[in-house]
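Take a look at the structure set out below.
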Amino acid sequence: MHATRDGVVVVHHDPHLSGAPRGSGPAGPAIAELSARELDRFGPVGGERIPTLASVLDAVAGRAEVFVELKGHGIERHVVDVVLGSGYPHRCAIHSFDHAAVRQARTMAPALRCGILAEHAVADPGTELAAVGATDFWPERGVVDRATVDRVHAVGGRVIAWTVNDPADAARLAALRVDALCSDDLPSIRRALTRDKVT
C-alpha cells in the first residue's frame with residue numbers, strides 16, 4: 001500500500017507509477033507526490049484506475065481475509081483508519097518489511113493482526129514477532145525450514161511463505177506445515193498440493 005499526498009491509501013506495489021498519465025510523457029511520478037485527484041489520471045494498460053484500499057475492502061466485504069502490506073513511508077495512520085473503518089477489521093492483517101511500521105500500526109490498533117516480512121533467515125522469529133506485537137511471520141520461501149516453522153508455532157504465530165510459484169516448493173513447504181502460501185499461480189499450486197495429497 002501507498003498513500004497519496006492527501007492521505008488516500010491505494011493498492012499499488014511500487015512507490016512510483018510505471019505508466020504515464022493519459023496524454024502525458026513516459027515516466028510516472030511517486031504516488032506520495034500526487035493528490036488522489038491527480039492519481040486518478042493514471043492507470044495501467046487497459047485503462048483501469050488504481051484502486052483505493054477502501055474500495056477493495058468494500059468489494060471483499062469480509063468474505064476473505066485481506067493482507068495489507070505497508071510499503072509507503074509514514075502511512076500507518078492512514079492504513080489503520082481505513083481498515084478500522086471497513087466494517088471488517090477482524091478480516092484484515094497488516095504486515096511489512098519495515099518492522100517499526102508494524103509496531104506503530106499495532107500501537108494504534110492493538111486488536112489488529114500484524115505480521116513481519118523477512119527476506120533472509122531469522123535466527124529467532126518468535127522473538128522478532130514479540131518485539132513488534134505481531135503474530136504472522138512472512139519469510140521468503142527459500143529460507144523456510146522446520147526450525148523456523150516450529151519456532152513460530154511455539155509462540156502461537158502463523159508462517160506465510162512468499163512467493164511460491166513452483167509446485168515443488170509448494171509441496172516442500174506444505175510438508176513443513178506452513179500455514180499459508182503466497183503465490184502468483186494459484187491454479188498450479190492447488191493442483192500440485194492436491195496431486196501430492198499434501199494438506
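The values are calculated or read from the model by the stated rules, or taken from the named source; none is laboratory data. The shown structure was predicted, so the numbers you read here are calculated from the model rather than taken from an experiment. A quick note on method: Cβ atoms are made from the backbone with ideal geometry, for glycine too, and the neighbour counts reach across all protein chains shown. All accessible areas refer to the heavy atoms of the entire protein, side chains included, with ligands and DNA or RNA removed. Shrake-Rupley method; radii C 1.70, N 1.55, O 1.52, S 1.80 Å.
Residues in the stretch 155-172 that are outside any loop (DSSP other than H, G, I, E, B) and buried (at least 21 other Cβ atoms within 10 Å of the Cβ): Val159, Ile160, Ala161, Ala170. Can you tell me which residue in the stretch 105-118 is farthest from Glu128 (Cα to Cα), limited to those that are open to solvent by 50 Å² or more (accessible area, probe 1.4 Å) and assigned to a loop (DSSP other than H, G, I, E, B)? Restricting to residues being open to solvent by 50 Å² or more (accessible area, probe 1.4 Å) and assigned to a loop (DSSP other than H, G, I, E, B), the top hit is Ala111. When both residues are 6+ apart or on different chains and their Cβ atoms are under 9 Å apart, which pairs have a first residue that lies in the stretch 181-199 and is assigned to a helix (DSSP H, G or I), and a second that is modelled with pLDDT under 85 and of a type in the set (A, V, I, L, M)? Matching pairs, first to second residue: Ala192/Val198. If you check Glu48, Glu69, Glu33 for being among the acidic types (Asp, Glu) and open to solvent by less than 70 Å² (accessible area, probe 1.4 Å), only one passes: Glu69.
Residue check: Ala192 meets all listed conditions (1) open to solvent by less than 40 Å² (accessible area, probe 1.4 Å); (2) touching a strand residue (DSSP E or B) at 6+ places or on another chain (Cβ under 8 Å) but one, namely (2). Considering only the stretch 123-142, I want to know if a residue exists there that is in contact with a strand residue (DSSP E or B) (Cβ under 8 Å, 6 or more places away or on another chain), among the acidic types (Asp, Glu) and open to solvent by less than 10 Å² (accessible area, probe 1.4 Å). For the stretch 123-142, residues in contact with a strand residue (DSSP E or B) (Cβ under 8 Å, 6 or more places away or on another chain), among the acidic types (Asp, Glu) and open to solvent by less than 10 Å² (accessible area, probe 1.4 Å): present.
One residue is enough: does the stretch 94-104 have a residue meeting the conditions assigned to a helix (DSSP H, G or I), open to solvent by less than 40 Å² (accessible area, probe 1.4 Å) and in contact with an Asp or Glu (Cβ under 9 Å, 6 or more places away or on another chain)? Yes, some residue in the stretch 94-104 is assigned to a helix (DSSP H, G or I), open to solvent by less than 40 Å² (accessible area, probe 1.4 Å) and in contact with an Asp or Glu (Cβ under 9 Å, 6 or more places away or on another chain). Would you mind stating whether Asp150 is charged (D, E, K, R) and either open to solvent by less than 50 Å² (accessible area, probe 1.4 Å) or under 26 Å from His73 (Cβ atoms) (or both)? Judged against the criteria, Asp150 is not a match.
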